[in-house]
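Here's a structure for you.
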Amino acid sequence: MTTCCEIFASRCKLLRVKTSTRPYHHGNLRQALLRAAETALEARGVQHLSLRELSRELGVSHASPQRHFATKQDLIDALAIMGFERLSSVMARAAEARRQDFNGRLTKAASAYVGFALKYPALFALMFEAKRRPGMLPGLRTALVAAFSHIPKILKEGQEAGKIIAGDPDRLALTIGAALHGLVAMSIEGKVRGVSLKAIVPETVQHVLNGLSTKKT
């Protein structure tokens, strides 16, 4: 005959089994949250990001994410940093194509920038929204500066080779950046039709280089 104590112990054991399906720890929970947040961001937009919903998706307690992201804004900042770090990695690989000439490397870096923006449109928008916010976090500033250091480096090499005019490479890079950013915005808004950006980007870079060239026609 089952005693009251045995029944109580059995119910406690069942309760422990049920609650164990939502553990506090999740291996590398921070990275898991960032991956899930990026997926949700691209699918539903930043306004629908929710730490509680991400916790539910990952099968952890609602309190677990607070060890890494105290607020939704902390999560958004981390996503922006991750985005700029990823962009920097993509740009670095393009900029280090040593076998190509100056024009080729610059075109490849520009294409990498546009390709990133079109592949991760929601993340790209979030990154630049974070860039405009006052009181930028040091980690975000570091990641941003690194991402935008590659094209100025290529331009500086072009100056040293006597191919483009003298001047601050960072300032000259603004011209290319503005053109590329404009292309991305127009493409996302559906204003670029009948031709792919893959074809337009090299033309755009060449037009800018014609303006910066030391050899004026």
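The values are calculated or read from the model by the stated rules, or taken from the named source; none is laboratory data. The shown structure was predicted, so the numbers you read here are calculated from the model rather than taken from an experiment. Note that each Cβ is placed from the backbone with ideal geometry, even for glycine, and that neighbours are counted across all protein chains shown. Just the protein is used for accessible areas: all its heavy atoms, side chains included, with ligands, DNA and RNA removed. Shrake-Rupley method; radii C 1.70, N 1.55, O 1.52, S 1.80 Å.
Identify all residues within the stretch 165-217 that are farther than 22 Å from Ser149 by Cα and either in contact with a Lys or Arg (Cβ under 8 Å, 6 or more places away or on another chain) or not in a helix (DSSP H, G or I) (or both); write none if there are none.
Glu189, Gly190, Lys191, Val192, Arg193, Gly194, Val195, Ser196, Thr214, Lys215, Lys216, Thr217, listed by residue number.
I've got another one for you. Could you tell me whether Leu79 is open to solvent by less than 30 Å² (accessible area, probe 1.4 Å), modelled with pLDDT under 95 and in a helix (DSSP H, G or I)?
Answer is no for this residue.
Of all residues in the stretch 120-141, count the ones that are of a type outside the set (A, V, I, L, M, F, W, C), more than 23 Å from Ile188 (Cβ to Cβ) and surrounded by 14 or more Cβ atoms within 10 Å (Cβ to Cβ).
Step one: filter the stretch 120-141 for residues of a type outside the set (A, V, I, L, M, F, W, C), giving 120-121, 129, 131-135, 138-139, 141.
If we keep only those that are more than 23 Å from Ile188 (Cβ to Cβ) as well, we get 134-135, 138-139, 141.
Still in the running and surrounded by 14 or more Cβ atoms within 10 Å (Cβ to Cβ): 139.
Number of matching residues: 1.
Restricting to the stretch 57-76, and then to whatever is surrounded by fewer than 13 Cβ atoms within 10 Å (Cβ to Cβ) and over 16 Å from the mean Cα position of the chain (by Cα), can you tell me which residue is modelled with the lowest pLDDT?
Applying the filter and picking the extreme gives Ala63.
Can you tell me how many residues in the stretch 126-164 are in a loop (DSSP other than H, G, I, E, B) and either in contact (Cβ under 8 Å) with a residue 24 or more places away in the chain or within 24 Å of Arg105 (Cα to Cα) (or both)?
Residues meeting the conditions: 6.
Among Val195, Val205, Val201, which is the only one that is crowded, with 17+ Cβ neighbours inside 10 Å and more than 25 Å from Glu129 (Cα to Cα)?
Of Val195, Val205, Val201, the one residue that is crowded, with 17+ Cβ neighbours inside 10 Å and more than 25 Å from Glu129 (Cα to Cα) is Val205.
Has the stretch 82-103 got any residue that is of a type outside the set (A, V, I, L, M, F, W, C), over 27 Å from Gly45 (Cβ atoms) and open to solvent by less than 20 Å² (accessible area, probe 1.4 Å)?
No - not one qualifying residue is present in the stretch 82-103.
Take the residues in the stretch 33-56 that are buried (at least 19 other Cβ atoms within 10 Å of the Cβ) and without any contact (Cβ under 8 Å) to a residue 24 or more places away in the chain; name whichever of them is farthest from the chain's Cα centre (by Cα). First the steps, then the outcome.
Step one: list which residues in the stretch 33-56 are buried (at least 19 other Cβ atoms within 10 Å of the Cβ), which gives 33-34, 37-38, 41, 49, 51, 54-55.
Okay, now just the ones that are also without any contact (Cβ under 8 Å) to a residue 24 or more places away in the chain, so 54-55.
Values: Leu54: 19, Ser55: 22 Å.
Per the stated criteria, the residue is Ser55.
For the condition closer than 30 Å to Val205 by Cα and among the charged types (D, E, K, R), what is the one hit in Lys131, Lys72?
The unique qualifying residue is Lys131.
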